[in-house]
Amino acid sequence: MLQYIGEGRVYFQLANVSGNIDVSVIEQFKKYKQTNFMSREAGGILLGYLDLYSNGLLIEKCTVPCFGDKRTRFSFYRSNKHQKKAEKWWRETNEKGVSLGIWHTHPEPRPTPSSVDYADFKQVIAASAFNSGYLLSIIIGTEEFGVWMGDKNNNIQLVGYLPL
Ligand SMILES: [Zn+2]
C-alpha cells in the first residue's frame, strides 16, 4: 500500500514493514521527470532515518545527479559521489542518518523495473549494512512513480504506484 497522507508525507506499507517519505523528496523527483523527449535518466540515493520503535523507514532527502554520473535517455549510472554524500549525511546527523535505498527516472508514464534495475538493486542490497533489513527502490515515471521494497534475501516486491 502506498498513499499520500495529508500534504506532508507519503506513507507506504508492505506486510509488516512501513515508513514514509517527505513530500519535499517527491518534489525533488518531479524536477527530474523525463517529460521532454531529450531528457535523460536521473537518480540517486534515498537518505533518512530508521524509526527504532516501529522499525519504519523514514525518507527525508535524496541525492541528485552530479558530475561523474553517466546519464542517457535509457540508463543511469550512479557515481561514487552519491555514496560520499550518504556518508556526509551520516556524519551530519551524529551517525543516525542512513541510506534507505535508491531512486531513478524512466521515460515512461508508469515505470517498470528493467533487468538492469533489478540487478542494480540487488547489488545495492548486498553492499548495504542496513539495520532494518529492508531497502526501497523508487522509479519516477512521467505520470506516476512506483515504490519497490527489497529484503536481504533479495526478495523484491512492488509496494504500489502513485500519481506525481
Ligand atoms: Zn530503470
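A few points about this structure:
- Residue count for the stretch 100-132, restricted to those that are away from the ligand (no atom under 14 Å from the Cβ), assigned to a loop (DSSP other than H, G, I, E, B), loosely packed, with under 14 Cβ neighbours inside 10 Å and small (Gly, Ala, Ser): 1
- Of the residues 96, 88, 84, the single one that is in contact (Cβ under 8 Å) with a residue 12 or more places away in the chain and over 24 Å from residue 34 (Cβ atoms) is 96.
- One residue from 61, 31 being closer than 16 Å to residue 164 by Cβ, free of Cβ contacts under 8 Å to residues at least 40 places away in the same chain and among the basic types (Lys, Arg): 31
- Of all residues in the stretch 54-68 being assigned to a strand (DSSP E or B) and crowded, with 20+ Cβ neighbours inside 10 Å, the one that is nearest to the ligand (Cβ to nearest atom): 62
- Qualifying positions in the stretch 43-53 - surrounded by fewer than 20 Cβ atoms within 10 Å (Cβ to Cβ) and either modelled with pLDDT of 95 or more or over 22 Å from residue 95 (Cα atoms) (or both): 49
- One residue from 141, 101 being at pLDDT 95 or above and under 16 Å from residue 12 (Cα atoms): 101
- Of the criteria (1) away from the ligand (no atom under 13 Å from the Cβ); (2) over 10 Å from the mean Cα position of the chain (by Cα), which one residue 136 fails: (2)
The values are calculated or read from the model by the stated rules, or taken from the named source; none is laboratory data. Note that the coordinates shown come from a computational prediction; the quantities given were computed from them, not determined experimentally. Here the Cβ is made from the backbone with ideal geometry for all residues, glycine too, and neighbour counts use every protein chain on show.
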